[in-house]
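Only one structure is covered here, and it is reproduced in the block below.
Rule-based calculations on the coordinates, nothing more; no lab input. Just so it is clear, the model here is predicted, and its values are computed rather than measured. Glycine also receives a Cβ, built like all others from the backbone with ideal geometry; neighbour counts cover every protein chain displayed.
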Amino acid sequence: EAKAAGRNTIKFFQDEMEKTVKYKLALENDLRQAIPKKQFELYYQPQVCVNSGNVLGAEALVRWIHPEKGLISPLDFIPSAEQSGLIHPLGALIFRTACEQLHSFPKIPRISVNISAKQFHAPNFVETIEQIIKDTNISPDRLELELTESAMLADIEETASKMNELKSMGFTFALDDFGTGYSSLTYLKQLPFDVLKIDRSFIANIMEDPEHAGIATAVISLGKALDLHVVGEGVETEDHLHFLKRQGAHSAQGYYISRPVPADQFIAWHTQRMTG
Ligand code: C2E
Ligand code: MG
Ligand code: MG
Ligand code: MG
């Protein structure tokens, strides 16, 4: 009887694993078809100056508009896109869409686009970006590329030279989710970042937890010491915004200012903000 129970347990886990594998394959298959069908939409979330409130830019955040499942979060398909290699065509589509839409945002200084580590390290990444810039007739100084710390881990020299190549064309770089990865300060100093984005997990608890507030304060001063533009992510309350301002961060992004919204809503939000 114990043996039978054991077999049932194994059977249960095998079934569960099979379900997971099947689900993953189905998702990947759907994703492969979604790219040529362009079933994606970019949402935009503004970044504002903590002092003036001026809109300095916006981050493009992808959503998959699945014909049956509806809106799917990037957290649920970017990992699969990375594992399957689909991140290369998907990343190019996202970047092209952002460049095309940038023409409808003449009053927005720049747009930030998330670039996954695998995409950045592809041998033809720079050529792909260059081609899209040419095709869409966009000036690279209106685009900021967001990399996470995992992108730097691979090969620091390759990363630095690729970044410098793109910077010489006019692109700027932001280090996303700062504080959640494994990067050492030595790495940070060797790479030509312009912007440091403090992960929202540090901002989230500043009011309740003095240790979190201490870490957030330290990260802001670190960014300033390295001469970087410091952005606080996940600003959900007025207190969060005031904290960033007091500590000398430069800009803020979060639900308190605006949720990520489709392009037309972003334009409407910006127009209303400018006209009062
Ligand atoms: P991220 O680049 O760090 O983007 C910020 C995430 O925080 C977004 O989630 C945004 O909606 C969310 N957020 C913004 N303000 C607040 C706030 O006040 N409170 C809370 N709780 N959350 C806030 P989203 O859009 O679900 O994107 C999740 C992650 O997926 C992104 O994190 C990024 O790593 C990845 N991602 C999104 N779009 C793309 C893309 O086009 N390409 C790639 N490679 N990755 C992307
Ligand atoms: Mg980002
Ligand atoms: Mg982030
Ligand atoms: Mg994140």
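Things worth noting here:
- Beyond 17 Å, the tail of the calculated P(r) for the range 33-82 holds 47 percent of the Cα pairs.
- Of the GluC sites (Glu not before Pro) found in the range 215-275, those in coil by DSSP whose Cβ has at most 14 other Cβ atoms within 10 Å are GLU236.
- Across the range 130-147, computed HN-Hα scalar couplings (Karplus, 6.51 cos²θ - 1.76 cosθ + 1.60, θ = phi - 60°) run 4, 4, 5, 4, 5, 4, 9, 6, 10, 7, x, 6, 9, 10, 10, 9, 9, 10 Hz from first to last residue, x flagging Gly and Pro.
- Rounded if a/c under 1.5, otherwise prolate or oblate - the range 87-224, Cα gyration tensor axes: prolate
- Shape class for the range 221-265: oblate, because the ratio a/c of the largest to smallest gyration tensor axis (alpha-carbon atoms, square roots of eigenvalues) is 1.5 or more and b/c is at least a/b.
- Translational diffusion of the range 5-99, estimated by Stokes-Einstein from the Kirkwood radius over alpha carbon pairs at 10 °C in a medium of 1.306 mPa s, is 101 µm² per second.
- Cβ-defined net charge surrounding SER161, 12 Å radius [Lys, Arg +1; Asp, Glu -1]: -2
- Basic side chains Lys and Arg get +1 at the Cβ, acidic Asp and Glu get -1 at the Cβ, and with that the dipole of the range 42-177 about its Cα centre reaches some 500 debye.
- Loop-located GluC sites (Glu not before Pro) in the range 66-133 (DSSP state other than H, G, I, E, B) with a sparse environment of at most 14 neighbouring Cβ atoms within 10 Å: GLU68.
- Cβ-placed point charges (K, R +1; D, E -1), dipole of the chain about Cα centre in debye, nearest 20: 480 debye
- Based on the reciprocal of the average 1/r between different C-alpha atoms, the Kirkwood radius for the range 174-276 equals 14.5 Å.
- Computed over the alpha carbons of the range 38-145, Rg followed by Dmax gives 14.4, 44 Å.
- Residues whose amide H lies under 5 Å from that of VAL50, counting only those 5 or more places away or on a different chain, are SER251, ALA252; hydrogens are built 1.01 Å from N in the peptide plane.
- Amide proton proximity set for LEU196, modelled H, under 5 Å, gap of 5+: LEU175, HIS229, VAL230, VAL231
- Relative contact order (%) - criterion: Cα under 8 Å, at least six apart; region: the chain: 17 percent
- Reach of LYS69 by Cα under 18 Å, taken over aspartates and glutamates that are not fewer than 8 positions away in the same chain: GLU28, ASP30, GLU41
- Net dipole in debye of the range 120-240 [+1 Lys, Arg Cβ; -1 Asp, Glu Cβ; about Cα centre; nearest 20]: 380 debye
- Projecting the Cα atoms of PRO89, ALA218, ALA122 onto the charge dipole of the chain (Cβ charges, centred on the Cα centre) puts PRO89 farthest toward the positive pole.
- Reciprocal of mean inverse Cα separation for the chain (Kirkwood radius, Å): 20.3 Å
- Mean separation of Cα contacts under 8 Å (6+ apart) over length of the range 50-105, as relative contact order %: 20 percent
- Loop exposure criterion: trypsin sites (Lys or Arg not before Pro), DSSP state outside H, G, I, E and B, at most 13 other Cβ atoms within 10 Å. Applied to the chain, the longest stretch between such sites is 108-276.
- Mean ellipticity per residue at 222 nm, deg cm²/dmol - from DSSP H runs of n ≥ 4 across the chain, formula -39500 (n - 2.57): -16000 deg cm²/dmol
- Among residues other than GLN39 with Cβ under 10 Å from its Cβ, the summed charge is +1 (Lys and Arg +1, Asp and Glu -1).
- Applying the Kirkwood pairwise sum to the alpha-carbon positions of the range 133-191 produces a hydrodynamic radius of 12.3 angstrom.
- Annotation note: chymotrypsin sites (Phe, Trp or Tyr not before Pro) in the range 90-190 located in DSSP loop regions with a Cβ neighbour count of at most 14 within 10 Å are TYR182.
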